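Working notes for the structure below.
The values are calculated or read from the model by the stated rules, or taken from the named source; none is laboratory data. These numbers come from a predicted model, not from an experiment. As a convention, Cβ positions derive from the backbone with ideal geometry for all residues, glycine included, and neighbour counts pool all protein chains shown.
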């Protein structure tokens with residue numbers, strides 16, 4: 001399995017609560033309604049908490065500002081993802097997803113990449 005990870009920064013005109021609301025209640029259901037086209041095996045949204053802990057983490061390590069959230073989508077393989085993205089339905093859906101993301105994401109301050117998990121058991 002591989003995973004698509006996207007670290008999201010909200011649009012400047014949105015509060016974190018507005019961003020979270022749109023992502024969770026509009027974009028998430030839209031993505032899941034089209035899950036079959038993308039061959040997604042799992043989809044998870046991680047919403048950043050408004051907590052002083054995040055400021056402490058940033059300051060103690062000299063890090064950049066935290067993202068507003070992380071989206072993760074699992075796929076069987078790179079081939080499976082590429083096949084879905086290159087199908088006529090996948091091409092159409094890809095454009096629709098980006099159009100919808102523009103409603104709440106600042107793409108110029110966000111990033112996305114493909115990973116393979118390396119899990120350690122505790």
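General remarks:
- For first residues located in the range 2-14 and within 12 Å of residue 43 (Cβ to Cβ), partners that are assigned to a loop (DSSP other than H, G, I, E, B) and lie 6+ apart or on another chain with Cβ distances below 7 Å form the pairs 3/117; 6/110.
- Top-ranked residue in the range 19-66 [being part of a loop (DSSP other than H, G, I, E, B) and touching a residue at least 24 places away in the same chain (Cβ under 8 Å); ranked as nearest to residue 94 (Cα to Cα)]: 34
- Scanning the range 56-66 for residues that are surrounded by 13 or more Cβ atoms within 10 Å (Cβ to Cβ) and at pLDDT below 95 turns up at least one hit.
- Output for the range 26-46, where each listed residue is within 11 Å of the chain's Cα centre (by Cα) and either surrounded by 15 or more Cβ atoms within 10 Å (Cβ to Cβ) or more than 19 Å from residue 7 (Cα to Cα) (or both): 27, 28, 31, 43, 45
- Annotation: of all residues in the range 97-122 being surrounded by 11 or more Cβ atoms within 10 Å (Cβ to Cβ) and in contact with a strand residue (DSSP E or B) (Cβ under 7 Å, 6 or more places away or on another chain), the one that is farthest from residue 24 (Cα to Cα) is 114.
- Checked against (1) part of a helix (DSSP H, G or I); (2) modelled with pLDDT of 95 or more, residue 6 passes all but condition (1).
- Within the range 77-91, residues that are over 12 Å from residue 38 (Cβ atoms) reach partners that are at pLDDT below 95 with beta carbons closer than 8 Å, at six or more positions or on different chains, in the pairs 77/1.
- Top-ranked residue in the range 77-96 [being in contact with a strand residue (DSSP E or B) (Cβ under 8 Å, 6 or more places away or on another chain) and surrounded by fewer than 16 Cβ atoms within 10 Å (Cβ to Cβ); ranked as farthest from residue 109 (Cα to Cα)]: 77
- Some residue of the range 6-18 being within 14 Å of the chain's Cα centre (by Cα), surrounded by 14 or more Cβ atoms within 10 Å (Cβ to Cβ) and farther than 20 Å from residue 104 by Cβ: no
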